[in-house]
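Quick notes on the structure that follows.
Please treat every number below as a calculation from the coordinates, not as lab data. What you see is a predicted model, and the numbers here were worked out from it, not measured in a lab. Neighbour counts are summed over all protein chains in view; Cβ atoms, including those assigned to glycine, are modelled from backbone coordinates with ideal geometry.
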Amino acid sequence: MINNDVWFAVVNPQSANGCTRKRWPKFLQRLEQEGYTVDFAYTLGPGDATSITRRVLHEGYTRIISVGGDGTINEVVNGFFIDGCLINPDAELALFSHGTGGDFVRSLSISRGIEGFIEILKKGRKRTIDVGEVQFLDDHGQPRNRYFLNVADIGLGGETVNRVNRQSKLLGGKISFLIGTMVSIFRYRNKTMRCKIDDKYCIEGRLNSIMVANGRYIGGGMMIAPNAEIDDGLFDVISLGDFSAWMLLRNIPKIYKGEHLKIPGVSEQRGGSVSITTAEKALLDIDGEQPGQTPVKFTIHPKSLCIWDV
């Protein structure tokens with residue numbers, strides 16, 4: 001029987017552009033100096049964080065640490081579920097943000113770095129948050145489903161993430177995503193979309209993107225959903241209209257500040273279920289990963305995951 005005070009860290013050594021592999025031994029030593037017992041495993045490739053998390057939860061661990069960026073958090077959260085249910089409803093998640101983007105921890109106001117993480121553990125504050133689930137088609141046209149904590153993006157965001165994840169992030173998350181966004185803006189073509197929120201057609205026409213948000217930030221710090229709350233049982237659905245490349249570029253500073261909701265053509269709505277279809281192929285971004293494409297269907301699972309908070 002595993003002691004409930006023992007933590008298990010799922011460590012993505014490739015996060016932070018490979019810096020995590022070099023720094024994790026010192027981070028682990030620092031945690032041990034503070035009296036924490038931490039077992040760990042390195043991920044070896046895509047999807048590994050999910051399988052490791054499922055394995056250790058079945059083994060009896062109840063306290064999991066995600067060490068990496070938004071993509072690592074996403075994979076670890078998916079490891080908490082199997083066949084649509086939590087493996088252990090008593091399991092808890094702590095987020096040690098050590099990636100390039102760090103968008104989800106911004107919504108929690110969690111500071112990055114080992115000392116900030118140790119402070120979270122010392123305070124021992126926990127909160128139960130919503131988890132989003134999305135059904136979509138993978139690159140082979142097969143139906144898949146995935147859970148997420150932060151933001152899903154259909155349209156420009158999916159193409160941007162696809163581009164950014166194929167190149168180096170040595171310049172850091174914010175600059176890498178900003179460059180990727182600018183390149184994508186000029187190459188992207190808006191899509192004809194149809195969005196149904198809580199079984200009512202709310203958004204229809206030629207659009208740039210639709211964001212289905214649980215958290216507030218995407219793309220290395222863009223405050224795309226400034227009113228989103230991670231425990232209100234609702235998605236914030238933000239749509240960008242048939243914008244030209246120049247209009248998007250002109251308004252990027254407003255998006256970073258969360259001041260874009262008053263721009264004509266921007267829509268903000270809320271709901272617990274969201275379905276999106278498109279006339280053309282549109283890529284899906286989930287927490288900084290690009291796993292598939294439309295059609296997509298989102299469902300919120302209110303207050304279903306316990307995380308350690310500030």
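Quick look at the values:
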| item | result |
| --- | --- |
| Label selected from (1) 20.8; (2) 21.7; (3) 19.5, the criterion being Kirkwood radius over Cα pairs in Å as computed here | (3) |
| Proximal lysines relative to Lys126, as straight alpha-carbon distance under 30 Å, when same-chain residues fewer than 8 apart are discounted | Lys22, Lys26, Lys174, Lys257, Lys297, Lys303 |
| Point-charge dipole on Cβ atoms (K/R +1, D/E -1) for segment 24-82, about Cα centre, debye to 20 | 40 |
| Antiparallel content of DSSP bridges confined to the chain, in %, to 5 | 75 |
| Hz values of 3J(HN,Hα) by residue in segment 77-87 - Karplus curve (6.51, -1.76, 1.60), Gly and Pro given as x | 4, 5, x, 6, 10, 8, 6, x, 10, 5, 5 |
| Computed helical MRE - 222 nm, the chain, DSSP H runs ≥ 4 contributing -39500 (n - 2.57), nearest 500 | -9000 deg cm²/dmol |
| Whole-angstrom gap from segment 241-310 to segment 30-56, using each part's C-alpha centre | 30 |
| q = 0.10, 0.13, 0.16, 0.21 Å⁻¹: log10 I(q)/I(0) that the Debye formula gives for segment 24-153, counting C-alpha atoms only | -0.33, -0.56, -0.86, -1.50 |
| Protection-proxy order for peptides 84-95, 279-290, each taking the mean of Cβ atoms within 10 Å per residue, highest first | 279-290, 84-95 |
| Segment 132-303 shape via C-alpha gyration tensor axes, a/c threshold 1.5 | rounded |
